[in-house]
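Taking it in order: structure first as structure tokens, then the write-up.
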Amino acid sequence: MIDQIKLRLSAQRALLGRVHLEIRLVKIKAVGKTIILSLPMDSEPSGRVRDDASSAAAEIISDFPEAANIQESFEVTADPIAPEDVFETGWVFRRAE
């Protein structure tokens with residue numbers, strides 16, 4: 001089982017210097033042996049944003065040999081960010097809006 005707190009700390013380290021202006025929120029959670037990295041954005045991600053997210057994802061999964069895979073999810077939305085339980089949903093970063 002993947003420890004959610006260690007997962008968030010790993011994501012914070014891996015994303016250091018890789019959070020671009022268009023990224024509104026970063027969430028990460030483990031569901032079974034799959035890690036899900038969610039990046040709601042205000043515009044389509046550029047190639048650099050995708051590359052940086054993929055590099056971060058590779059660093060994250062390397063910290064968890066028990067994980068089977070990692071999924072990156074980019075969602076373009078202008079909707080307000082829903083109020084959620086930040087601990088339950090795995091927030092790592094939220095842009096001030």
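Could you say whether any residue in segment 54-67 is of a type in the set (Ser, Thr, Tyr) and more than 18 Å from Val19 (Cβ to Cβ)?
yes
State all residues of segment 63-85 that are more than 12 Å from the chain's Cα centre (by Cα) and surrounded by 12 or more Cβ atoms within 10 Å (Cβ to Cβ); if no residue qualifies, say none.
Going residue by residue through segment 63-85, those that are more than 12 Å from the chain's Cα centre (by Cα) are 63-69, 76-85.
Once the filter is applied, which keeps residues that are more than 12 Å from the chain's Cα centre (by Cα) and surrounded by 12 or more Cβ atoms within 10 Å (Cβ to Cβ), segment 63-85 yields Asp63, Phe64, Ala67, Val76, Ile81, Glu84.
If you check Val49 against the conditions, is it farther than 23 Å from Ile2 by Cα and not in a loop (DSSP other than H, G, I, E, B)? Spell out the reasoning first.
Values: farther than 23 Å from Ile2 by Cα: yes; not in a loop (DSSP other than H, G, I, E, B): yes.
Against the criterion (farther than 23 Å from Ile2 by Cα and not in a loop (DSSP other than H, G, I, E, B)), Val49 qualifies.
Collect the residues in segment 22-54 that are touching a residue at least 24 places away in the same chain (Cβ under 8 Å) and aliphatic (A, V, I, L, M), keeping them in residue-number order.
Ile23, Leu25, Val26, Ile28, Ala30, Ile35, Ile36, Leu37, Leu39, Met41, Val49, Ala53, listed by residue number.
Name the single residue, out of those in segment 87-97 being among the hydrophobic types (A, V, I, L, M, F, W, C) and surrounded by fewer than 12 Cβ atoms within 10 Å (Cβ to Cβ), that is farthest from Met1 (Cα to Cα).
Step one: filter segment 87-97 for residues among the hydrophobic types (A, V, I, L, M, F, W, C), giving 87, 91-93, 96.
Then keep just the ones that are surrounded by fewer than 12 Cβ atoms within 10 Å (Cβ to Cβ); that gives 87, 96.
Numbers: Phe87: 17, Ala96: 33 Å.
Per the criteria, the residue is Ala96.
Of all residues in segment 60-97, count the ones that are of a type in the set (Lys, Arg) and in a strand (DSSP E or B). Give the derivation first.
Start the filter on segment 60-97 by keeping residues that are of a type in the set (Lys, Arg), which leaves 94-95.
The next check asks that each one be in a strand (DSSP E or B); those that pass are 94.
So the answer is 1.
If I filter segment 37-60 for residues that are surrounded by fewer than 12 Cβ atoms within 10 Å (Cβ to Cβ), at pLDDT 95 or above and touching a helix residue (DSSP H, G or I) at 6+ places or on another chain (Cβ under 9 Å), do I get at least one hit?
Yes - at least one qualifying residue is present in segment 37-60.
Restricting to segment 61-86, and then to whatever is among the β-branched types (Val, Ile, Thr) and more than 25 Å from Ile5 (Cα to Cα), can you tell me which residue is modelled with the lowest pLDDT? So that I can check it myself, show each step before the final result.
We begin by selecting, within segment 61-86, every residue among the β-branched types (Val, Ile, Thr); these are 61, 70, 76-77, 81, 86.
Cutting the leftovers down to more than 25 Å from Ile5 (Cα to Cα) gives us 76-77.
Numbers: Val76: 96, Thr77: 92.
Residue satisfying both the conditions and the ranking: Thr77.
For Val31, only one of the following conditions fails: (1) loosely packed, with under 15 Cβ neighbours inside 10 Å; (2) farther than 17 Å from Gln4 by Cβ. What is its number?
Answer for Val31: the failing condition is (2).
Are there any pairs with C-beta distances below 7 angstrom linking a residue in segment 58-70 that is on the phi < 0 side of the Ramachandran plot to a residue that is among the basic types (Lys, Arg) and surrounded by 10 or more Cβ atoms within 10 Å (Cβ to Cβ), with the two at least 6 apart or on different chains, and if so which?
Glu66/Lys33; Ala67/Lys33; Ala68/Lys33
The values are calculated or read from the model by the stated rules, or taken from the named source; none is laboratory data. Quick caveat: nothing in here was measured; it's all calculated off a predicted structure. Every residue, glycine among them, receives a Cβ derived from its backbone with ideal geometry; neighbour counts consider all protein chains shown.
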